[in-house]
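Only one structure is covered here, and it is reproduced in the block below.
The values are calculated or read from the model by the stated rules, or taken from the named source; none is laboratory data. Given the structure is predicted, the values throughout are model-derived calculations rather than measurements. Cβ placement follows ideal geometry from the backbone for every residue including glycine, while neighbour counts extend to all protein chains displayed. Please note that ligands, DNA and RNA were not included when accessible areas were found on the heavy atoms of the full protein model with its side chains. Shrake-Rupley method; radii C 1.70, N 1.55, O 1.52, S 1.80 Å.
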Amino acid sequence: MNIVPLTLFTWIHICHIFTDTYRLIVDGNELYRNELRKEQRKLYTNGIMILGQEQEFLGGGFSKSESFHGYLQYFDIWSKSLDESSIKKLVKGDKAKGDFFSTNTFNLDLVNVDVVDISFEYE
């Protein structure tokens, strides 16, 4: 696996693709690829989604020491795998919304979250 040097206070774009293969793409560069077994390819949609917090059991058991500290601008899920061109556009700031889930579309229950407006420029 490739190592990604991360710089504090710098925006990064992370893309996970799950088909018959798992792919990790950071800032438009594929860093990891691995074949998935058939049982790993299922994504069940009858649960809850927790962002930024490890849970000890479904929907609970949270610990402050296991929480995400940082900024999350967008979180989107598409029902299909995105092509390289679409991913590059997202890295450069395209505001396409996931057709399955998007933090810009859905009403979210925010718990212990500070919502702030931050302006930034993409390189």
- Message: Suppose we keep only residues that are free of Cβ contacts under 8 Å to residues at least 24 places away in the same chain, within 22 Å of residue 86 (Cα to Cα) and β-branched (Val, Ile, Thr) within region 1-46. Which one would you say is surrounded by the most Cβ atoms within 10 Å (Cβ to Cβ)?
- Response: 26
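For region 49-74, name all the residues that are open to solvent by 100 Å² or more (accessible area, probe 1.4 Å) and in a loop (DSSP other than H, G, I, E, B). Walk me through how you get there before you give the answer.
Quick first cut of region 49-74, residues open to solvent by 100 Å² or more (accessible area, probe 1.4 Å) only: 56-58, 62, 64-65, 68-69, 71-72.
Matches in region 49-74: 56, 58, 62, 68, 69, 71, 72.
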- Members of region 98-123 found to be modelled with pLDDT of 80 or more and polar (S, T, N, Q), listed by number: 102, 103
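Give 95, 80 a once-over and let me know the one that is modelled with pLDDT of 85 or more, in a loop (DSSP other than H, G, I, E, B) and out of contact with any strand residue (DSSP E or B) (no Cβ under 8 Å at 6 or more places or on another chain).
After applying the criteria, what remains is 80.
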- Message: For residue 73, only one of the following conditions fails: (1) out of contact with any Cys (no Cβ under 8 Å at 6 or more places or on another chain); (2) modelled with pLDDT of 85 or more. What is its number?
- Response: (2)
- Query: Restricting the search to region 4-33, which residues are aliphatic (A, V, I, L, M) and assigned to a strand (DSSP E or B)?
  - Reply: 14, 17, 24, 25, 26, 31
- List the pairs whose first member sits in region 84-96 and is farther than 10 Å from residue 28 by Cβ, whose second member is open to solvent by less than 40 Å² (accessible area, probe 1.4 Å), and whose Cβ atoms are under 7 Å apart, counting only residues at least 6 apart or on separate chains? 96/90
